[in-house]
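The values are calculated or read from the model by the stated rules, or taken from the named source; none is laboratory data. Note that this is a predicted model, so its numbers are computed, not measured. In this analysis, Cβ positions are derived from the backbone assuming ideal geometry, glycine residues included, and neighbour counts consider all displayed protein chains. Ligands, DNA and RNA are excluded from the accessible area calculation, which covers all protein heavy atoms including side chains. Shrake-Rupley method; radii C 1.70, N 1.55, O 1.52, S 1.80 Å.
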Amino acid sequence: MRLDLSGKTALVTGSTQGIGFAIATGLARAGARVALNGRGESGVTAAIDRLRGELPDADVVAAPGDVSTGDGTAQVLGAASDVDVLVNNLGIFGAQSPLDITDDEWRRYFEVNVLAAVRLTRAYLPGMTDRGWGRIQYIASDSAIVIPAEMIHYGVSKTALLGVSRGFAKTAAGSGVTVNSVIAGPTHTGGVEDFVYELVDKDLPWDEAQREFMRLHRPQSLLRRLIEPEEIANLVVYLASPLASATTGAAVRVDGGYVDSIVP
């Protein structure tokens, strides 16, 4: 099975590190022209250099801008005006007692995790439908279904993305554009390492800390380990490809069996 995205342009938000960077690398490896996004130019430049270090022939462009704001979104749209594949990966998370989450913090999570993706979808979907081909994806989370007690604001924002995805899939019905969400399970990134150490003994070596975190806080996982970012990227690249033309309006799981359900 060959995933060929030659001639397609992709934008991955929040792609200077972690899952976003892995997705951008996977799309570039499949032949897509990839726009990398982050809030600052220096971070985007560093990510582009890193990606080209792995794939010297990659066609990569810089699209810096904070897409959780209108001005930042306009900056990104100026750098990547026509996009065939939009991956809404940007997201924030963090542990906090539910009773201590302020109205402003709830709004911040909605702005970054939900409205940024809505705004970009609204900008790019018309062009995709006019061309008769496109792929839009939202990187959701197992937390959308299994709301974590230690960060319900994050979980609720990811639940909202599932609804956003299904709704825009209906908007794109019959157009040749597919819209899906990807339910990513607990994944090994730098940010997650910090999060793990918020919940387990900071003196534990990483391998032990990871096992302890999964045992205590994610016991439902059938994988029994954190997922690597490249494993998330593999599914995203497939869904972005022509081979996934009949998959739309779906919430597709790459969660290591964390969600206890026999349906996707």
Check: Hey, can you rank 178-186, 154-162 by average C-beta count inside 10 Å, highest first?
Finding: 178-186, 154-162
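Net charge near Leu222: determine it from the other residues with C-beta under 11 Å of the C-beta of Leu222, scoring Lys and Arg +1 and Asp and Glu -1. Could the numbers behind the result be given before it?
Details: positive: Arg218, Arg224, Arg225; negative: Asp255, Asp260.
Net local charge, Leu222 excluded: +1.
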Item checked: Angle in degrees between helix 41-54 and the longest Cα principal axis of the chain, rounded to the nearest 10 -> 80 degrees
Item checked: Solvent-accessible area per residue, Å², over the chain with all protein chains present [probe radius 1.4 Å] -> 45 Å²
Next item on the list: Starting from one equal scatterer on each C-alpha and no solvent at all, send me the Debye-based log10 I(q)/I(0) for the stretch 214-264 at q = 0.20 Å⁻¹, two decimals.
Entry: -0.79
Next item on the list: Could you check how much of the accessible area of the chain is carbon and sulfur, as a whole percent, using a 1.4 Å probe?
Entry: 52 percent
Item checked: Per-residue HN-Hα couplings for the stretch 153-166 [Karplus 6.51, -1.76, 1.60; θ = phi - 60°; Hz; x = Gly/Pro] -> 5, 5, x, 5, 5, 6, 4, 4, 4, 4, x, 4, 4, 4
Notebook entry, point to check: Using only the Cα atoms, what convex hull volume per residue in Å³ does the chain have?
Noted result: 131 Å³
Note to self: Could you give each residue of the stretch 81-91 its phi-based ³J(HN,Hα) in whole Hz, using Karplus coefficients 6.51, -1.76, 1.60 with θ = phi - 60°, and x for Gly or Pro?
What the structure shows: 7, 10, 10, 9, 10, 10, 10, 7, 9, 3, x
Item checked: Extended-chain gain in nm, criterion 0.36 nm per residue less alpha-carbon gap, Tyr238 and Glu41 -> 68.0 nm
Item checked: Estimated vicinal HN-Hα couplings, Hz - the stretch 189-196 in sequence order (Karplus 6.51, -1.76, 1.60; Gly, Pro = x) -> 9, x, x, 5, 4, 4, 5, 4
Note to self: Between the stretch 169-247 and the stretch 1-37, how far is it from one alpha carbon centroid to the other, in angstrom?
What the structure shows: 17 Å
Item checked: Potential extension, Glu54-Glu228 segment - 0.36 nm per residue separation minus Cα distance -> 60.9 nm
Note to self: Taking amide H atoms as placed 1.01 Å from N in the peptide plane, list the residues 5 or more away in sequence, or in a different chain, whose amide H sits under 5 Å from that of Asp255.
What the structure shows: Gly185
Checklist line | Net charge contributed by nearby residues that have their C-beta within less than 13 Å of Thr248 (K/R +1, D/E -1) | finding: +3
Next item on the list: Go ahead and estimate [θ] at 222 nm for the chain from helices alone: -39,500 (n - 2.57) per DSSP H run with n ≥ 4, summed, over the residue count, rounded to 500.
Entry: -13500 deg cm²/dmol
Item checked: Between helix 116-131 and the chain: long-axis angle, C-alpha atoms, 0 to 90°, nearest 10 -> 30 degrees
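Order the peptides 47-58, 225-236 from the highest to the lowest mean number of other Cβ atoms within 10 Å of their residues.
Numbers: 47-58: 13.9, 225-236: 20.1.
For the peptides 47-58, 225-236, the packing ranking is 225-236, 47-58.
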Notebook entry, point to check: How much length is gained if the chain between Asp207 and Thr102 is pulled fully straight, taking 0.36 nm per residue apart and subtracting their Cα-Cα distance, in nm to one decimal?
Noted result: 34.4 nm
Next item on the list: Averaging sequence separations of C-alpha pairs under 8 Å and six or more residues apart, then dividing by the length of the chain, give the relative contact order as a whole percent.
Entry: 19 percent
Check: So who's got an amide H within less than 5 Å of the one on Gly31, skipping anything under 5 residues away but keeping other chains? H placed 1.01 Å off N, in plane.
Finding: Leu5
Item checked: Bins of 10 Å from zero: percent of alpha-carbon pairs in the stretch 103-202 -> 15, 39, 29, 13, 3, 0
Next item on the list: Determine the sum of side-chain charges near Val177: Lys and Arg each +1, Asp and Glu each -1, restricted to other residues whose C-beta is under 13 angstrom from that of Val177.
Entry: +2
Checklist line | Amide hydrogen neighbours beyond the local backbone of Asp66, cut-off 5 Å, H modeled | finding: Gly72
